[in-house]
């Protein structure tokens, strides 16, 4: 039994560390967004919420695996995990919306509306039946479709310049591409019944994305100005698998 506990602990430590870092970064970014509210902090707000959600999933899901959560918190975990798993797709799309322009912006707005509909249906189904697995594949497919479009755009410099506003195209394009490729396969593996990628690739891919966003904090002002002037009323709207919101730690905990 001791060996089994030690093995589970070794397996979950990387995810506890990733979760702690993502949650800390998310809270810090949200704090910065509050201070920048008059100069276009909407992009930072959605990015911070996205990072905080990823961190919450990894941290608390791993702690649940280790049996370190109090019973009252463990009882709420299925509901919180379900809401986060659906909402994170919309949150991520809102973050990328701040980097978009032209027809890509219209595409992402449509994806956000679709994501909200899927999220409402998924959460409602979970509350009624105790399971949302019939709706979850649509969440994965929406994430995969949106990220495929983003991957194609950042991979083609001409399209990237036309549809995306990236302060540092080399670093950000590479970060988005690496993240998108990993996340597309991860999101398609469940609905298409493909071999699942190693679980550790999910937080690594998101870490690459965060690093690319933070690589040029000064020139990122261009993104903030664009985000401030785009003007779609997103405030108040609340929108898995790897990449865009992994619910794997929660599912692992709840299946025990």
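In table form, for the structure just shown:
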| quantity | calculated |
| --- | --- |
| Residue order, fewest to most surrounding Cβ atoms within 10 angstrom, among 138, 185, 15, 79 | 79, 138, 185, 15 |
| Rel. contact order, % - alpha carbon contacts under 8 angstrom, at least six apart, region 1-129 | 24 |
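Readers should treat all values here as calculations from the given coordinates under stated rules, not as data from a laboratory. Here the structure is a predicted model, which is why all the values come from computation and not from measurement. Glycine also receives a Cβ, built like all others from the backbone with ideal geometry; neighbour counts cover every protein chain displayed.
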